[in-house]
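Let me begin by presenting the structure, written as structure tokens, before commenting on it.
Computed from the coordinates by the stated procedures, all read-outs in this text should not be read as laboratory data. In this text, all values refer to a predicted model and were calculated from it rather than measured experimentally. Glycine gets a Cβ as well: all are built from the backbone with ideal geometry, and neighbour counts include every protein chain shown.
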Amino acid sequence: MVLGHPADDAPAYGWVKRLRRAGESLWAQLEKIDPALEALLRAGRFAQRSVALYKQFPLTGGPYLRHLGFLGAAMIDVYGNITHQLGTRMYMN
């Protein structure tokens, strides 16, 4: 988990433990979330979410998550839904 869409080597503010698709939505189960980021998410400071994917990841031979980016005032490039879970509680925007 990162802030924005960094090119490379940005600090991780948490990790995506699992992804699953449900209809048009992509669900991410998160873990090890930085408490400062969790507070900002709950306050609505990063209301938009976006993912970056590898199209052909060598180890899987197919798409693979590069990062889950939380966007502040920036608009996302491709519209859709991603809903995430904070710990065992559901957090939806």
Inset, instruction - For the range 19-26, take each phi angle, set θ = phi - 60°, evaluate the Karplus expression 6.51 cos²θ - 1.76 cosθ + 1.60, and give the result in whole Hz per residue in order, putting x for glycine and proline. - result: 10, 8, 9, 10, x, 8, 9, 10
Legend entry - Calculated from backbone phi, Karplus (6.51, -1.76, 1.60) coupling profile of the range 30-47 in Hz, x at Gly/Pro: 9, 8, 6, 7, 4, x, 5, 5, 4, 4, 5, 5, 5, 7, x, 6, 10, 6
Legend entry - Fully extended contour minus Cα-Cα distance, from Ala52 to Leu19, at 0.36 nm per residue: 10.6 nm
Inset, instruction - Can you pull the one-decimal nm distance between simple spin-label points at Ala12 and Thr60, each 7 Å off the Cα toward Cβ? - result: 1.5 nm
Legend entry - Placed amide H near Leu71: partners under 5 Å, 5+ positions off or other chain: Gly4, Gln48, Arg49, Ser50
Legend entry - Built amide H within the under 5 Å cut-off of Tyr64, gap 5+: Tyr54, Phe57
